[in-house]
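Written below as structure tokens is the structure these notes are about.
The values are calculated or read from the model by the stated rules, or taken from the named source; none is laboratory data. Since the structure is predicted, the reported quantities are computational estimates derived from the model, not experimental observations. Positions of Cβ are generated from backbone atoms using ideal geometry, with glycine treated the same way; all protein chains shown enter the neighbour counts.
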């Protein structure tokens with residue numbers, strides 16, 4: 001069994017949480033059979049938010065959460081700390097599957113969710129370093145500038161006028177980056193410390209009488225039953241909240257693809273260097289390349305920076321060794337210093353990573369089959385810090401039988417097609433990653449926007 005010291009090594013967020021006095025001692029494991037009203041598999045954000053809102057709708061509910069490791073061990077404790085209004089599918093794709101009004105309702109719900117997370121953290125006195133500084137997305141090539149302009153045109157066409165197109169000078173006022181031609185800014189994102197939030201939320205549930213069984217591996221999920229290596233849980237409702245780790249459950253191998261995203265963190269920077277860099281409001285940041293990068297200024301004065309680029313592993317395999325890829329970490333360090341030259345000579349102290357869940361259509365979903373007593377949420381493709389909160393509120397309404405604005409959103413009861421069998425899955429995903437890298441290299445040399453990369457983005461609905 002893993003120890004608190006083992007969990008400190010999971011990510012910078014876990015390490016800094018423990019360094020500030022946070023407790024990573026595992027809660028007691030399940031020992032024997034239990035019967036509850038709602039059993040939740042997975043103690044990440046989705047599972048914890050679901051329990052939180054269920055208890056607020058019905059205090060009498062008996063709720064048990066089971067987790068293979070400890071609360072927050074998966075993507076909830078490894079992500080970039082962006083509590084954003086981003087949904088993995090575009091407005092156009094959401095509208096195609098529902099309606100324009102449905103897409104706008106989902107967008108509005110996501111924006112409100114950012115503030116909901118901050119409000120709950122304040123109410124429950126969870127000090128998660130919440131700072132709603134928005135996001136700056138830089139354009140550093142002519143092709144990226146075209147995408148920034150297209151983003152602004154999209155905002156106007158959809159009647160959402162709170163995305164600001166930036167010229168080079170305006171971009172530099174927020175972040176002094178190399179070669180920035182402009183970009184765009186949106187206020188709908190907060191930088192957070194994800195482990196402080198997820199562990200704080202678990203503590204709130206402890207005090208509220210929700211049973212959280214850690215270090216309890218789940219063998220299978222069935223209607224009204226969760227079979228674990230430590231005993232059977234019977235429940236009226238079973239909630240699957242396992243994100244990328246869903247592929248390890250019987251019958252779910254092709255339900256999503258575990259895509260790895262890796263991160264690095266710098267040492268704390270002094271005030272003089274921050275005066276040079278910017279990010280005074282702790283804006284989250286990235287640029288408009290195809291292979292996604294993302295960063296934030298942490299509350300303790302570091303830069304936590306991540307990106308895609310690690311390979312998909314054959315058969316949807318997940319393994320601790322895949323959390324660390326030296327070539328990807330080196331590329332991330334190089335990319336960050338190239339983006340922000342003021343970081344030359346700064347020491348990097350942490351590197352980590354983990355899998356996120358990508359449905360075949362890049363469309364997150366939440367749903368409940370009442371007759372089978374089975375509920376689920378997931379497929380956030382890395383945009384889950386806020387989306388999990390919306391999922392938790394929606395699942396609570398669905399399980400309690402409430403017809404609300406949330407239960408009528410277009411991602412509710414959505415079912416993504418299964419991924420293709422191997423080796424097609426491995427070939428397709430890794431070929432897409434290679435195409436994105438190639439497109440970014442071409443555009444950095446001054447080339448025109450990549451038609452292949454644009455086509456891939458349209459295909460997955462980004």
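Here 253, 289 are screened, and the one residue that is surrounded by fewer than 18 Cβ atoms within 10 Å (Cβ to Cβ), assigned to a loop (DSSP other than H, G, I, E, B) and touching a helix residue (DSSP H, G or I) at 6+ places or on another chain (Cβ under 7 Å) is 253.
To keep it simple, each residue is scored yes or no on (1) out of contact with any strand residue (DSSP E or B) (no Cβ under 7 Å at 6 or more places or on another chain); (2) at pLDDT 95 or above; (3) outside the structural domain of residue 10 (by TED's automatic domain parsing).
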{"residue": "303", "(1), (2), (3)": "no, yes, yes"}
{"residue": "308", "(1), (2), (3)": "no, no, yes"}
{"residue": "315", "(1), (2), (3)": "yes, yes, yes"}
{"residue": "320", "(1), (2), (3)": "yes, yes, yes"}
{"residue": "345", "(1), (2), (3)": "yes, yes, yes"}
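On the basis of being within 18 Å of the chain's Cα centre (by Cα), closer than 30 Å to residue 135 by Cβ, part of a loop (DSSP other than H, G, I, E, B) and in the same structural domain as residue 248 (by TED's automatic domain parsing), does residue 87 make the cut?
On the way: within 18 Å of the chain's Cα centre (by Cα): yes; closer than 30 Å to residue 135 by Cβ: yes; part of a loop (DSSP other than H, G, I, E, B): yes; in the same structural domain as residue 248 (by TED's automatic domain parsing): no.
For residue 87, the condition - within 18 Å of the chain's Cα centre (by Cα), closer than 30 Å to residue 135 by Cβ, part of a loop (DSSP other than H, G, I, E, B) and in the same structural domain as residue 248 (by TED's automatic domain parsing) - is not met.
Determine if region 44-57 includes at least one residue that is at pLDDT 95 or above, over 22 Å from residue 406 (Cβ atoms) and touching a strand residue (DSSP E or B) at 6+ places or on another chain (Cβ under 7 Å). No. Exactly one residue out of 273, 282 is outside any strand (DSSP E or B), touching a residue at least 24 places away in the same chain (Cβ under 8 Å), touching a helix residue (DSSP H, G or I) at 6+ places or on another chain (Cβ under 8 Å) and not assigned by TED's automatic domain parsing to the domain that holds residue 29, and it is 273. Of the candidates 135, 216, the single residue that is within 23 Å of the chain's Cα centre (by Cα) and surrounded by 15 or more Cβ atoms within 10 Å (Cβ to Cβ) is 135. Within region 412-430, being out of contact with any helix residue (DSSP H, G or I) (no Cβ under 8 Å at 6 or more places or on another chain) and either in a loop (DSSP other than H, G, I, E, B) or over 29 Å from residue 376 (Cβ atoms) (or both) holds for 413, 415, 416, 417, 418, 421. Among the residues of region 107-125, are any part of a helix (DSSP H, G or I), closer than 27 Å to residue 277 by Cα and more than 18 Å from the chain's Cα centre (by Cα)? No, region 107-125 contains no residue that is part of a helix (DSSP H, G or I), closer than 27 Å to residue 277 by Cα and more than 18 Å from the chain's Cα centre (by Cα). Looking across region 371-400, the residues that are in contact (Cβ under 8 Å) with a residue 12 or more places away in the chain and either surrounded by fewer than 19 Cβ atoms within 10 Å (Cβ to Cβ) or part of a strand (DSSP E or B) (or both) come down to 372, 374, 375, 376, 377, 378, 400.
Taken over region 3-41, the criterion of being surrounded by 15 or more Cβ atoms within 10 Å (Cβ to Cβ) and farther than 26 Å from residue 303 by Cβ is satisfied by 26, 27, 29, 30, 34, 36, 37, 38, 39, 40, 41.
Would you point out which residue out of 236, 208, 162 is out of contact with any strand residue (DSSP E or B) (no Cβ under 6 Å at 6 or more places or on another chain), surrounded by fewer than 19 Cβ atoms within 10 Å (Cβ to Cβ) and closer than 26 Å to residue 399 by Cα?
Working: 236 fails: out of contact with any strand residue (DSSP E or B) (no Cβ under 6 Å at 6 or more places or on another chain); 162 fails: closer than 26 Å to residue 399 by Cα.
Every option except 208 fails the conditions.
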